[in-house]
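The values are calculated or read from the model by the stated rules, or taken from the named source; none is laboratory data. This structure is a prediction, so every number in the text was calculated from the model and none was measured. Neighbour counts are summed over all protein chains in view; Cβ atoms, including those assigned to glycine, are modelled from backbone coordinates with ideal geometry. Just the protein is used for accessible areas: all its heavy atoms, side chains included, with ligands, DNA and RNA removed. Shrake-Rupley method; radii C 1.70, N 1.55, O 1.52, S 1.80 Å.
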Amino acid sequence: PSPTPTPTPPAVKWAQPPNMIDGYDIPSWRDKEGQVDIVVADDWECLDGQPIVKIRWWGSYEGWMKDTPEPVEPPDVRPIAFRLSWHKYKEGPPYSTPGELIAEEYCTNFSEKWYGSVRLWYEPNSFEHEFVYECVLQEPWKQVKGEKYFLNIQAVYDTPEVKFPWGWKNSEKHWNDDAVQWQNGEWIELV
């Protein structure tokens, strides 16, 4: 009998790996009641017309276990979900921002694994621990080849009392405009 062929993994639609040299995380979290509501979004371009079926991202817990570069477990108070939202691309000036909401998912069935540690550029004897997350979407997100979009990723907590809030990791491969963060009712460019 012939061997069973190995299935081909789905294509990576867009990749912006985390900056593991001098990168940092930007707070992006909310509590389920909405007392705290900070969100980060970044733009990207659809290189093919295939739908998005899974999302992978990186982030950390600000101040968590910063005295060691060794692998760590996440803190006890962790997100109960991640709010993933996909938006139309709204052109600047002065910079692009998320436009109309296309799709949204509260991902509760996500994986979380320690990815590595990065020495903090502003505190050289301290470290930030990066975790990698994956979520298979309940419904594929359809898109159009050549279109630009925004992805928002926000941790969701049970409580507004979070000692080590989650942040989304910046990338080593910047594309197009800088990421943006929702602050005080407007999108602010993260330069």
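Only one entry of Lys32, Lys113 meets the criterion of being touching a residue at least 24 places away in the same chain (Cβ under 8 Å) and of a type outside the set (Val, Ile, Thr), and that entry is Lys32. When each of Pro98, Pro79, Pro140, Pro124 is tested for being in contact (Cβ under 8 Å) with a residue 40 or more places away in the chain and more than 24 Å from Trp182 (Cβ to Cβ), the lone residue that passes is Pro140. A count restricted to region 76-92 and to residues that are open to solvent by less than 30 Å² (accessible area, probe 1.4 Å) and touching a Lys or Arg at 6+ places or on another chain (Cβ under 7 Å) stands at 0.
The rows are residues; the columns are (1) more than 24 Å from Met20 (Cβ to Cβ); (2) touching a Gly at 6+ places or on another chain (Cβ under 7 Å).
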residue	(1), (2)
Ala81	yes, no
Tyr89	yes, yes
Thr108	yes, no
Ser111	no, no
Asn125	no, no
Glu139	yes, no
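Among the residues making up region 39-94, those that are under 18 Å from the mean Cα position of the chain (by Cα) and aliphatic (A, V, I, L, M) are Val39, Val40, Ala41, Ile52, Val53, Ile55, Ile80, Ala81, Leu84.
Hey, any hits in region 152-163 for a residue that's crowded, with 19+ Cβ neighbours inside 10 Å and farther than 22 Å from Gly34 by Cβ?
The answer is no; no qualifying residue exists.
Results for (1) at pLDDT 90 or above; (2) at negative phi; (3) of a type in the set (D, E, K, R), shown as yes or no for each residue.
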site: Asp22; (1), (2), (3): no, yes, yes
site: Gln35; (1), (2), (3): no, yes, no
site: Ile52; (1), (2), (3): yes, yes, no
site: Leu84; (1), (2), (3): yes, yes, no
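Using the structure shown, decide if Trp182 is open to solvent by less than 70 Å² (accessible area, probe 1.4 Å) and aromatic (Phe, Trp, Tyr). Criteria not met by Trp182.
If you take the residues in region 16-33 that are within 12 Å of Ala155 (Cα to Cα) and not aromatic (Phe, Trp, Tyr), which one is most open to solvent (accessible area, probe 1.4 Å)?
Lys32
Take the residues of region 43-75 that are open to solvent by 30 Å² or more (accessible area, probe 1.4 Å) and outside any loop (DSSP other than H, G, I, E, B): which is nearest to Phe127 (Cα to Cα)? Ranking the candidates gives Trp58 first.
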